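J.: Here it is, the structure, as structure tokens.
The values are calculated or read from the model by the stated rules, or taken from the named source; none is laboratory data. Everything quoted here is computed from the prediction, not taken from an experiment. All Cβ positions, even for glycine, are placed from backbone atoms using ideal geometry, and neighbour counts span all protein chains on display. Calculation scope for accessible area: heavy atoms of the full protein, side chains included, ligands and nucleic acids excluded. Shrake-Rupley method; radii C 1.70, N 1.55, O 1.52, S 1.80 Å.
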Amino acid sequence: MALDQSFVGRTYPPTAAYEVGREKIREFAESLGDTNPVYTDPEAARDLGYPDVIAPPTFIFTITFKAAGKQVVEDPQLGLDYSRVVHGDQQFEYTRPVRAGDRLRVTSIIDSIKSLAGNDILSVRGEVHDEAGDHVATSFTTLVARAADAEVEESR
């Protein structure tokens, strides 16, 4: 069943603040195999003009996808069958790097819903702001809810 187009533009409330810790940044960088000292050494980060270590660019996904999952994916009114979802695309735009000590909130917005060959394509934007309300980054996530076999046959 196709997702309801009236959800386009729906904005969910900001999440509770997520405090970015040095250890979380280090663990994330290590999981990527990224040895850049700006992610693990506060002095190296300060040498580059940052107040503390910064996070790898994809770190923001850990909080924006969690927000989208808790709010958009689990929204019973939307009716998304997550068992049929695959991650279609991911993009980020930054105002500044995420850094240790940040307290970040995410506001999730449904940007578009499309149907293609019985598949629902859901685009969700995550606006990330710090405690002062300053914009840090925007995440663009595309989820594809694969059609059930019968729905694919009907769309042909």
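J.: State which residue pairs qualify: first residue of a type in the set (Val, Ile, Thr) and inside the stretch 22-47, second residue part of a helix (DSSP H, G or I) in any location, beta carbons under 7 Å apart, and separation of 6 or more residues or different chains.
T.: Ile25/Tyr39; Ile25/Phe59; Val38/Ala44; Val38/Ala45; Thr40/Arg26; Thr40/Ala29
J.: Are any of the residues in the stretch 55-78 hydroxyl-bearing (Ser, Thr, Tyr), in contact with a Lys or Arg (Cβ under 6 Å, 6 or more places away or on another chain) and more than 17 Å from His129 (Cβ to Cβ)? First the steps, then the outcome.
T.: At the first step, the residues of the stretch 55-78 found to be hydroxyl-bearing (Ser, Thr, Tyr) are 58, 62, 64.
Still in the running and in contact with a Lys or Arg (Cβ under 6 Å, 6 or more places away or on another chain): none.
Looking through the stretch 55-78, none of the residues is hydroxyl-bearing (Ser, Thr, Tyr), in contact with a Lys or Arg (Cβ under 6 Å, 6 or more places away or on another chain) and more than 17 Å from His129 (Cβ to Cβ).
J.: Would you point out the residue of the stretch 1-31, among those that are in a helix (DSSP H, G or I) and hydrophobic (A, V, I, L, M, F, W, C), that is farthest from Val53 (Cα to Cα)? Walk me through how you get there before you give the answer.
T.: If we filter the stretch 1-31 for residues that are in a helix (DSSP H, G or I), which is where we start, we get 5-7, 22-31.
Going one step further and asking which of them are hydrophobic (A, V, I, L, M, F, W, C), we end up with 7, 25, 28-29.
Values: Phe7: 38, Ile25: 8, Phe28: 12, Ala29: 11 Å.
Here the residue is Phe7.
J.: If you scan the stretch 85-134, which residues turn out to be among the acidic types (Asp, Glu) and either open to solvent by 70 Å² or more (accessible area, probe 1.4 Å) or more than 30 Å from Ala44 (Cα to Cα) (or both)? Even if it seems obvious, please write down each step before you answer.
T.: Looking only at the stretch 85-134, we keep the residues that are among the acidic types (Asp, Glu), and these are 89, 93, 102, 111, 120, 127, 130-131, 134.
Passing the criteria: Asp89, Glu93, Asp111, Asp120, Glu131, Asp134.
J.: Considering the stretch 78-104 alone, what residues qualify as being out of contact with any helix residue (DSSP H, G or I) (no Cβ under 9 Å at 6 or more places or on another chain), basic (Lys, Arg) and under 28 Å from Gly21 (Cβ atoms)? Give the steps one after another, and end with the answer.
T.: Taking the stretch 78-104 as the starting set, the residues that turn out to be out of contact with any helix residue (DSSP H, G or I) (no Cβ under 9 Å at 6 or more places or on another chain) are 79, 81, 83-84, 86, 88-89, 91, 93, 95-96, 102-103.
Next, from what is left, pick out any that are basic (Lys, Arg): 84, 96, 103.
Across the stretch 78-104, the qualifying residues are Arg96, Arg103.
J.: Here is a follow-up. Kindly list the number of the only condition in (1) farther than 21 Å from Arg10 by Cβ; (2) within 15 Å of the chain's Cα centre (by Cα); (3) not in a strand (DSSP E or B) that fails for Phe65.
T.: Just one mismatch for Phe65, condition (1).
J.: Can you find even one residue in the stretch 92-102 that is within 26 Å of Arg146 (Cα to Cα), within 15 Å of the chain's Cα centre (by Cα) and of a type in the set (A, V, I, L, M, F, W, C)?
T.: Applying the first criterion (within 26 Å of Arg146 (Cα to Cα)) to the stretch 92-102 yields 92.
Imposing the further condition that a residue be within 15 Å of the chain's Cα centre (by Cα) reduces the set to 92.
If we keep only those that are of a type in the set (A, V, I, L, M, F, W, C) as well, we get 92.
Yes, the stretch 92-102 has at least one match.
J.: Loosely packed, with under 15 Cβ neighbours inside 10 Å and closer than 30 Å to Ala147 by Cβ: which single residue out of Asp4, Asp47 fits that description? First the steps, then the outcome.
T.: Working: Asp47 fails: closer than 30 Å to Ala147 by Cβ.
Selected residue: Asp4, the only one of Asp4, Asp47 that is loosely packed, with under 15 Cβ neighbours inside 10 Å and closer than 30 Å to Ala147 by Cβ.
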